[in-house]
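Worksheet: one structure, shown below.
The values are calculated or read from the model by the stated rules, or taken from the named source; none is laboratory data. Note that the structure is predicted; figures quoted are calculated from it, not measured. We place every Cβ from the backbone using ideal geometry, glycine too, and count neighbours over all the protein chains shown.
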């Protein structure tokens, strides 16, 4: 494994260094940067699988001249799982970029874009294998800065600069809380080594443990995008190039999930009061429901997908929160199931969300717009993209036989096992969270019925859609790779569960592989087969059989099917794109039902004919949702700091003598304290 690790890091380093060596040759820069990234991704996949199957963690350490800093690396099963996820999505994004990045020829430096891309992937890998707190913070900051520079690739646009600034501020606010959490562990352990965090010289008091829990939740939750810290996602993800959006939403925000599990189940020993898990559970339920509800109102396809990242982070936290609650009451099997379900959905979301962002990027590549209202009829013009986007939509909607169905089913089962908990409040709250998850799933299905139907079906609604063509082969290969993985993760839990069990077992203190897999691995059972069980493969075969039976019945009773093409009957009126459902009209009932949350603003302007005021010449409709969190939470904070800055401007007089006086007074004060 050491050779694989060094080789992967070396290839990424080459992908950073080599592209600028070919100035003025963007095609070679593109091939070099993303070809090397794809090679590193392949090595990373092998390394991740090897790390999951290894009998002992791989550790490497290199001391530095800086105090408290050691370049320490540890590849245990948890780190290996995330290395595998990052490498899989990184491989697909690299192949995709070979075609997609051609859009940026002459508009951006391909050498810089390729070098940043490799550096971003390298930084994410280092985050999950770092074994020293100081080193972790360095690579975490590196990951954040590189992703910021990638977000502002099209910095000539004002909205992109705003999105980048918003993201940069939020990620550094989160980093500040992470530093505080790590300083708590450092104070107890006397070292930034993760081993010292696990086994401190002086055990943390209950108050300090709680403070570390909260600091980590806020710090890593900001990166993950939990409500109400999610506000940067709908800005940054759409602004970034689509293959970068796939990386950010698919795996970058999952590094925060990795870190939360590392802190709670590793550094804090998996021992916590019941309310810790309850807080995580509530945040997960609220994030899942609000994320999908705001996604429904979006007509910008990439913004819609960004909000769905908030939703799925919430689903992941539902599993983790349930696991933490079960762990509190000593229900080890159920705790392991909740954590396993959360990790399963983490991997699944990485795959189908990356696929959907690549699909959205293909639509942007072909139509040069992200507005779904200007799509329509694209399935005929872009059949491969349509099929792959449909697989991603089915997966994120948790429909069988794809991966999203399996992991959400496991999360449901872990929540329904709450009757084993002795506390009445939690017996009620976990099923309530399951009900919120059920509502979330229905709304997600509605959202992607809108996203796919409005984008790919009916007639083109703009010249952009009418002129669209299928994307280059490399982009289709990348989407096809992720689509196949989505299906395999759904059909083969007998392969996935044992790997996840190797991650969970050290934290839960027991293996549950044999209790989750039934019928020699062909069925899933949430610890107890008598409680509930499911066979994804049998379910897939049943769906295929029913489809085949329907076709046979049509042939048997209707004779041989003959095709006849004729325009759709429209009551004697020729159908036009203006008669189609729009994205706005599709979600109108939901907007009305949840109007208290959305606080919609609707503006309708009508221009009447001069001849008669009873007939409209033109109508203009505007609709937008009130950004509640930004208006009532973030805007007041920003206004406060701007006001403070205005008051402090009086000390900036522009006089050199005044500034020297400030320095002199500061030195005097410091000397007084020193004495």
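Name the helices (runs of 4 or more DSSP H) wholly inside the range 424-538 in which the number of residues that are in contact (Cβ under 8 Å) with a residue 60 or more places away in the chain and surrounded by 17 or more Cβ atoms within 10 Å (Cβ to Cβ) is 3 or more.
Filter on the range 424-538 gives 424-456, 473-491, 493-508.
Does the range 382-404 include one or more residues that are in a helix (DSSP H, G or I), in contact with a strand residue (DSSP E or B) (Cβ under 9 Å, 6 or more places away or on another chain) and either more than 22 Å from residue 501 (Cα to Cα) or at pLDDT below 95 (or both)?
No, the range 382-404 contains no residue that is in a helix (DSSP H, G or I), in contact with a strand residue (DSSP E or B) (Cβ under 9 Å, 6 or more places away or on another chain) and either more than 22 Å from residue 501 (Cα to Cα) or at pLDDT below 95 (or both).
Got at least one residue in the range 35-56 being outside any helix (DSSP H, G or I) and closer than 16 Å to residue 113 by Cβ? Before you say what the answer is, go through the steps one by one.
At the first step, the residues of the range 35-56 found to be outside any helix (DSSP H, G or I) are 54-56.
Imposing the further condition that a residue be closer than 16 Å to residue 113 by Cβ reduces the set to none.
No - not one qualifying residue is present in the range 35-56.
Quick check: is even one residue across the range 55-65 surrounded by 18 or more Cβ atoms within 10 Å (Cβ to Cβ) and under 25 Å from the mean Cα position of the chain (by Cα)?
Looking through the range 55-65, none of the residues is surrounded by 18 or more Cβ atoms within 10 Å (Cβ to Cβ) and under 25 Å from the mean Cα position of the chain (by Cα).
Working carefully through the options 225, 219, 269, find the one that is under 25 Å from the mean Cα position of the chain (by Cα) and at positive phi.
225
Inside the range 592-675, counting only helices (runs of 4 or more DSSP H) that do not spill past its ends, which hold 1 or more residues that are over 30 Å from residue 227 (Cβ atoms)?
Hits in the range 592-675: 635-648, 656-674.
Inspect the range 34-46 for any residue being over 16 Å from residue 122 (Cβ atoms) and surrounded by 15 or more Cβ atoms within 10 Å (Cβ to Cβ) and give the result as yes or no.
Yes; the residues of the range 34-46 include at least one that is over 16 Å from residue 122 (Cβ atoms) and surrounded by 15 or more Cβ atoms within 10 Å (Cβ to Cβ).
Exactly one of (1) outside any helix (DSSP H, G or I); (2) surrounded by fewer than 24 Cβ atoms within 10 Å (Cβ to Cβ); (3) in contact with a helix residue (DSSP H, G or I) (Cβ under 6 Å, 6 or more places away or on another chain) is unmet by residue 379. Its number?
Of everything listed in (1) outside any helix (DSSP H, G or I); (2) surrounded by fewer than 24 Cβ atoms within 10 Å (Cβ to Cβ); (3) in contact with a helix residue (DSSP H, G or I) (Cβ under 6 Å, 6 or more places away or on another chain), residue 379 misses just condition (1).
Just one of (1) in contact with a strand residue (DSSP E or B) (Cβ under 8 Å, 6 or more places away or on another chain); (2) surrounded by 13 or more Cβ atoms within 10 Å (Cβ to Cβ) trips up residue 618, so point out which.
(2)
Given the structure, is residue 553 assigned to a helix (DSSP H, G or I) and more than 23 Å from residue 453 (Cα to Cα)?
Criteria met by residue 553.
For the range 64-154, which helices (runs of 4 or more DSSP H) that fit wholly inside it have 3 or more residues that are in contact (Cβ under 8 Å) with a residue 24 or more places away in the chain and within 20 Å of residue 1 (Cα to Cα)?
Fully inside the range 64-154 and qualifying: 77-100, 110-129.
Anything in the range 585-606 that is in contact with a strand residue (DSSP E or B) (Cβ under 6 Å, 6 or more places away or on another chain) and surrounded by 10 or more Cβ atoms within 10 Å (Cβ to Cβ)? List them, or say none.
Of everything in the range 585-606, those that are in contact with a strand residue (DSSP E or B) (Cβ under 6 Å, 6 or more places away or on another chain) and surrounded by 10 or more Cβ atoms within 10 Å (Cβ to Cβ) turn out to be 601, 602, 606.
In the list 159, 201, 195, which residue meets the criterion of being in a helix (DSSP H, G or I), modelled with pLDDT under 95 and over 30 Å from residue 114 (Cβ atoms)?
Numbers: 159 fails: over 30 Å from residue 114 (Cβ atoms); 201 fails: in a helix (DSSP H, G or I).
Within the list 159, 201, 195, the selection yields 195.
Which of the residues belonging to the range 123-151 are closer than 16 Å to residue 10 by Cα and under 18 Å from the mean Cα position of the chain (by Cα)?
If we filter the range 123-151 for residues that are closer than 16 Å to residue 10 by Cα, which is where we start, we get 123-126, 129.
Selection gives 123, 124, 125.
Would you pick out the residues in the range 205-226 that are outside any helix (DSSP H, G or I) and in contact (Cβ under 8 Å) with a residue 24 or more places away in the chain?
Residues satisfying the conditions are 225, 226.
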